[in-house]
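Student: Mind having a look at this structure? Questions to follow.
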Amino acid sequence: MSAPTTPTGVSDIVHRKRRGAELFLLVLALAVGIGAYAAVGLGVEGELPGDMYGYSAWLAALAIGAHVVVRLTAPYADPVLLPVVTALNGLGLAMIYRWDLARETGYSTKQLTWTTLGVVLFAMVLLLLRDHRRLQAYTYTTGLAAIVLLLLPLAPGLGKTINGARIWIGIAGWSFQPGEVAKVLLVIAFAGYLVLHRDALALAGRRFIGIDLPRMRDLGPILLMWLISLGVLVLQRDLGSSLLFFGLFLVMLYVATERPGWLVVGSLMFVSGAALASQVYSHVQTRVEGWLDPFSDTDTYGQIVEGLYGMAWGGLVGRGLGQGDPWRIPFAYSDFIVAAVGEELGLTGLMALIILFGLIVERALRTALICRDGFGKLMATGFGIVFALQVFVVVGGVTKLIPLTGLTTPFMSHGGSSMIANWVVIGLLLRISDQVRRPLPDVRPLEMDDATQVVKLR
Amino acid sequence: MLIRFAYLAILWIFVLGAISVIRSDMFGARVETTAGSSRREQRRARKGSKPAKPPRGAPTKAVVVDGPSAGLTVPLDQVPILIGRGTDAAIRLDDDYVSTRHARIGQSGETFYVEDLGSTNGTYIGSQRLTQATALQLGTRVRVGKTTIELKK
């Protein structure tokens, strides 16, 4: 052994590019997506959908295009993320198409348009952002932008109220949910702020009943950012997003400061806040009652009941794509898409789905672990937590584990803003993972410095 | 019926495929050993006509040669060495143009490298701003803010 290798941790591991593995998985993912589309057509109408070839070609072109962009701009990026996301997206499109066939709506075409836009933005992120640490310079800008975006739906004339929540804006017939984009921006803002102030947050300050309270001037700006966004969401009656932002902030604070006390304080705050909200707000109360006993009033809580019946009917292996009746569940193309999958693919399919989401979270946290700079670490953790919380809230709500709160299932639910925001997040994650998995450059890249080397005189 | 099970099979083949890629990613990751470094040397030998000179002795310390904190010396055996204005920095610089956690000197095998930690004003070697970890040799001048740091024997 000529070189004594020093154990400097993970940086000694040479990561391989694994682009071939990505391509292979991508082909399988396309089989999952296109297969679901074909199976839906066969199941509902007994024949392949009319636009089968055009649809397959389009989806394949998107996936291969994304792969080529990754190959060119982020050759060392994680090989699993893109195929997993492609599979989820394909399956989601098929389930929405299934709803379309039953209810004669046109959601799947719209969703395909948004998917295309999402992939384009994904490519743009990889092409334009060559180093994720550049984003750290825009900590406060992104924080401000997030708050402005959250406030937009409250603006008169621009905001739209759909299904009781004022979280949409309508421009030229297209409705958009700015909160989904704000989510991405807030993760960047939190990460940028916490990485600078984490030492002060963790060490300075005084101790109060066993909990280290940081100084207000350290915690202030971020607390303000967070309270504003949370307040806006509460005003807009968007329960799911409030929960998401709360959890996100808490976990990022915990990860940055390494103080478990935050989790205790946060959980207490959450429990008391939730208890208070369920007393004060009627719409929260309805959710809690629907969670405790949905069968008491099958008209009001029909959505949960239909979802539960659907999943029960699906059983272990499901009814088969296109063979069930998921169109009976209200919003089975967006919030309740998981219940629709549970009905048609059964427990087996639902487990696969949850594992796929788990894989996204795992890859994000893995990227954070091997990341060398604190900003990237926090950002990757934040994105992982966003996915984890979102899936937990949705699946937990649908399966009656927790009260139902409206959140989109990433990459599956019908909804353009969520789709493009999540594709951008995947782009950012691939950028970070490319940076951290790239091997250290060859020793002595500065050969031309030979001429100016220090000459030993004595 | 057939389609139902075939589709579930495809779904699970994909899931297991993804997991197996991760598995080899985790356990199959190659720790840099003699084989790896010798291949790297071969590549270098192919690239340059003249063989790369071995470093004349290994550096043992990082010295601030220029700037407000000139003269500061830190032995290299305590890598990773943090350069910055913060209190936890091993090379603590009293330089307004240096970030709190500015850059880091690390070690890979017997090579030392410097890596920018997302500083505001950047880390330079010559006129080139570092965007990734860059190997250091004896006498390479690293510029952070108004300060210059050099590895010495």
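Student: Return a yes/no flag: does region A:292-310 have any residue that is assigned to a helix (DSSP H, G or I), open to solvent by 70 Å² or more (accessible area, probe 1.4 Å) and within 20 Å of A:V393 (Cα to Cα). Give the steps one after another, and end with the answer.
Tutor: The initial filter retains those residues of region A:292-310 that are assigned to a helix (DSSP H, G or I), namely A:292, A:294-296, A:302-310.
This time we only want the ones that are open to solvent by 70 Å² or more (accessible area, probe 1.4 Å), so: A:292, A:295-296, A:309.
Subset that is within 20 Å of A:V393 (Cα to Cα): A:292, A:309.
For region A:292-310, residues assigned to a helix (DSSP H, G or I), open to solvent by 70 Å² or more (accessible area, probe 1.4 Å) and within 20 Å of A:V393 (Cα to Cα): present.
Student: Output the number of residues of region A:329-354 satisfying the condition of being surrounded by fewer than 16 Cβ atoms within 10 Å (Cβ to Cβ) and more than 14 Å from chain B (Cβ to nearest Cβ).
Tutor: 1
Student: Could you tell me whether A:Q323 is in contact (Cβ under 8 Å) with a residue 40 or more places away in the chain, open to solvent by 60 Å² or more (accessible area, probe 1.4 Å) and either part of a helix (DSSP H, G or I) or of a type outside the set (K, R) (or both)? Step through it out loud before you land on a result.
Tutor: On the way: in contact (Cβ under 8 Å) with a residue 40 or more places away in the chain: yes; open to solvent by 60 Å² or more (accessible area, probe 1.4 Å): yes; either part of a helix (DSSP H, G or I) or of a type outside the set (K, R) (or both): yes.
For A:Q323, the condition - in contact (Cβ under 8 Å) with a residue 40 or more places away in the chain, open to solvent by 60 Å² or more (accessible area, probe 1.4 Å) and either part of a helix (DSSP H, G or I) or of a type outside the set (K, R) (or both) - is met.
Student: Can you pull out the residues in region B:109-143 that are buried (at least 22 other Cβ atoms within 10 Å of the Cβ), facing another protein chain (nearest Cβ under 9 Å) and in contact with a helix residue (DSSP H, G or I) (Cβ under 7 Å, 6 or more places away or on another chain)?
Tutor: B:G118, B:T140
Student: Going residue by residue through region B:54-68, is there one that turns out to be aliphatic (A, V, I, L, M), without any contact (Cβ under 8 Å) to a residue 60 or more places away in the chain and either open to solvent by 20 Å² or more (accessible area, probe 1.4 Å) or in contact with a Leu (Cβ under 9 Å, 6 or more places away or on another chain) (or both)?
Tutor: No, region B:54-68 has no match at all.
Here is a yes/no grid of residues against (1) closer than 21 Å to B:L16 by Cα; (2) not in a loop (DSSP other than H, G, I, E, B):
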residue	(1), (2)
A:G318	yes, no
A:Y333	no, no
A:A339	no, yes
A:G349	yes, yes
A:L359	yes, yes
A:R363	yes, yes
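Student: Residue by residue through region B:10-28, note down the ones that are open to solvent by less than 50 Å² (accessible area, probe 1.4 Å) and either touching a helix residue (DSSP H, G or I) at 6+ places or on another chain (Cβ under 9 Å) or at pLDDT 60 or above (or both).
Tutor: Taking region B:10-28 first, the residues open to solvent by less than 50 Å² (accessible area, probe 1.4 Å) are B:11, B:14-15, B:17-18, B:21-22, B:24-25, B:28.
Scanning region B:10-28 gives B:L11, B:F14, B:V15, B:G17, B:A18, B:V21, B:I22, B:S24, B:D25.
Student: Looking at (1) more than 30 Å from A:E362 (Cα to Cα); (2) within 11 Å of chain A (Cβ to nearest Cβ); (3) modelled with pLDDT of 50 or more, which is the only condition B:V65 fails?
Tutor: (2)
Student: A follow-up question, please. Can you tell me which condition A:L359 does not meet? The list is (1) within 30 Å of B:A103 (Cα to Cα); (2) out of contact with any Leu (no Cβ under 6 Å at 6 or more places or on another chain); (3) at the interface with another protein chain (Cβ under 8 Å from one of its Cβ atoms), and all the others hold.
Tutor: (1)
Student: Would it be correct to say that A:G384 is open to solvent by less than 10 Å² (accessible area, probe 1.4 Å), touching a helix residue (DSSP H, G or I) at 6+ places or on another chain (Cβ under 7 Å) and within 14 Å of another protein chain (Cβ to nearest Cβ)? Lay out the reasoning, then the answer.
Tutor: On the way: open to solvent by less than 10 Å² (accessible area, probe 1.4 Å): yes; touching a helix residue (DSSP H, G or I) at 6+ places or on another chain (Cβ under 7 Å): yes; within 14 Å of another protein chain (Cβ to nearest Cβ): no.
When the stated conditions are applied, A:G384 does not pass them.
Student: Turning to a different aspect of this structure: With A:R103, A:R71, A:R98, A:R134 as the choices, which residue is surrounded by fewer than 24 Cβ atoms within 10 Å (Cβ to Cβ), within 14 Å of chain B (Cβ to nearest Cβ), over 19 Å from the mean Cα position of the chain (by Cα) and among the charged types (D, E, K, R)?
Tutor: Numbers: A:R103 fails: within 14 Å of chain B (Cβ to nearest Cβ); A:R71 fails: within 14 Å of chain B (Cβ to nearest Cβ); A:R98 fails: surrounded by fewer than 24 Cβ atoms within 10 Å (Cβ to Cβ).
Of the residues listed, the single one that is surrounded by fewer than 24 Cβ atoms within 10 Å (Cβ to Cβ), within 14 Å of chain B (Cβ to nearest Cβ), over 19 Å from the mean Cα position of the chain (by Cα) and among the charged types (D, E, K, R) is A:R134.
The values are calculated or read from the model by the stated rules, or taken from the named source; none is laboratory data. Just so it is clear, the structure is predicted and the values come from calculations on it, not from any experiment. Every residue, glycine among them, receives a Cβ derived from its backbone with ideal geometry; neighbour counts consider all protein chains shown. For the accessible areas, the whole protein counts, side chains as well, though only heavy atoms, and no ligand, DNA or RNA atoms are used. Shrake-Rupley method; radii C 1.70, N 1.55, O 1.52, S 1.80 Å.
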